[in-house]
Each structure stands twice: as C-alpha cells, then as structure tokens.
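Take a look at the structure set out below.
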Amino acid sequence: MNEAPVPSVLAMLVCENIIIEAVTNKKTLVGVFNQIQNSQFPAPFGPFWIYARLADAEGDYVLRLELVHLETNKKILSASGMDVHVPNRLGPHELSLNIQRIFFELPGTYEVLLYANDVWIGRTTVSVVKKEQG
Amino acid sequence: MSDTILPPTITPAGTQASFIKESPDSLKGFVQRDTQSPESIPLTVSNDELPPFVYFGTIHDPRLQIIHGIPVDIRREGDTYIASWEEAEEFGYGTDRFAALDDFSRTITQLFVTLDREEDTLGPGLVETLTLLRQYLQFRE
C-alpha cells in the first residue's frame, strides 16, 4: 500500500463560529481571533472553532490536534482518532473543529498543532492575556 | 448594465469535530466526515510536556513539498532551543521550540534549493546530503 502524501496546510484559523451552509457545505468563518483576555486564571473559554484547509492530501490519515502552552511546553488538550479518507489530492480537505469549553491555566501563547499520521503539518497560535481589573 | 448572478457552488463537507465538556475532568469529542453520522473520538486533557522529537512536515516555501516527515530532535541548551536532524547534520535555533523549528525549516529549504541548483558542481559529501534531502523533499510539479 502506498504511503499517503504529507498534506500541506493552506490556512489554519481560530474563530468564534463557523456557519456551514446545508446544501453547498460552504463555510463562513465568523469572528476570527488570535487573542483572549481574562482577568482570572484558570480562564474558562468557549465555545470556539478551529478551521484548517488542507491541500495535497490523498488517502487515509489519522489526524491529531494538540493545544500546547508554548512557554512551558505543556499540552493542555489532545484530540486523536480523527481518521479521514481523502479521495483525490486535487481537491482541498477542510477540518472544522468545535471546542465547547476549555480552561487556560496560565496567561501566555498557546499553540494549536495539527498532525497527520503523526507528522506535524500545521500550527496557529492564540495569546491568552491577563486583563487588569479596574 | 446587467447584473451577473453567480451559479451556486458546492464544496466537499470535509471533516467536522466537536468537543464537549461533560464534567470538569472530561471532554467528549465527536467527528463527522462528509455526510456521515457523528462518531465519538478519543480526547484527553493532559498536563504532559511535548516530546523532544517530532516528525517535521511543514515547509513555508510554496515551491517545495515534504514527501515524508523529517525526524527532528528538539532540545534546550540554556535559553536556546535547538531543532536537529542528526542524519543530515542540519539544525535550527530559536528562543522557543517553534522558533527553532521555523529556523530549521528555513535552513533545510535554503540548503535543498541551493544543492539542487548546484548539483553538477557538488562534491561527494554534498551529493550525499542532496540524496538524503530528496528522500524527504521535492519540488512541486
């Protein structure tokens, strides 16, 4: 069996909502952001979405998503087992991941990492900032 | 002047996943592929450190494509992170893990493009390096 090619990530974005049109499957990303402010930590946050558009994918993949606090190198979330089949590498493949609620333990930069068959293929970042009260 | 009405366009549904927090310590995840029903997927909330190793598969130069994940070790020396591909003896440096991997990406891109362009004039050592790089990288068709 041929090894599936390593996909390229054309775009990876974090946003407040994704509207998926029922008939056409077209997606509208609403409220794209890269910073969260909170006055208390751990900071609850959600719901939010992670969108990724892949190219050059063909075959079977197991996708994994990790959310990592960059300053401490610690994972706070790992989602595995998203196995997908992409029939044709000429067409893009879209991922729309909805996270209902998580807790950011510390301020800092959080990396969202995407892996395909254990190969790291893409990342985006979200800054979590402590908002001073007053 | 006449109005142009675009016909409706259709795109594949792709993969959709949802993560639902059931209790303070547990999240539940679902994935939906195209038009199939949602299935539960494993999801962990962890405090583990990232491993000191990654199969590297992201390159910024649009001319290039990764064929296989490149095995890269990541270590920290003082304030500097070092991403290293021991077999090719190539390194990237940065103030954090991902700055080091970005630097590594630029280094191997530049090396591959240069060696490929100068292939006819390379000595045996660099031919060996280019042969190794070609197992992992290629120009897009």
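Structure notes:
- In this structure, the amide hydrogen of B:E90, modeled 1.01 Å from its nitrogen in the peptide plane, lies closer than 5 angstrom to those of B:W85, counting only residues at least 5 positions away or on a different chain.
- Alpha carbon centroid spacing (whole Å) that separates region B:81-141 from region A:112-133: 25 Å
- Selection of GluC sites (Glu not before Pro), region B:97-129, meeting DSSP coil and at most 11 other Cβ within 10 Å: B:E118
- Long-range tail of P(r) for chain A (Cα pairs > 22 Å, %): 41 percent
- Long-range HN-HN contacts of A:G122 with modeled amide H, under 5 Å: A:L114
- In the context of the full set of protein chains, chain A has a per residue accessible area of 46 Å² (1.4 Å probe).
The values are calculated or read from the model by the stated rules, or taken from the named source; none is laboratory data. A quick note: this is a predicted structure, and the numbers were derived from the prediction, not measured. Note that we place each Cβ from the backbone using ideal geometry, even for glycine, and neighbour counts take in every protein chain shown. Just the protein is used for accessible areas: all its heavy atoms, side chains included, with ligands, DNA and RNA removed. Shrake-Rupley method; radii C 1.70, N 1.55, O 1.52, S 1.80 Å.
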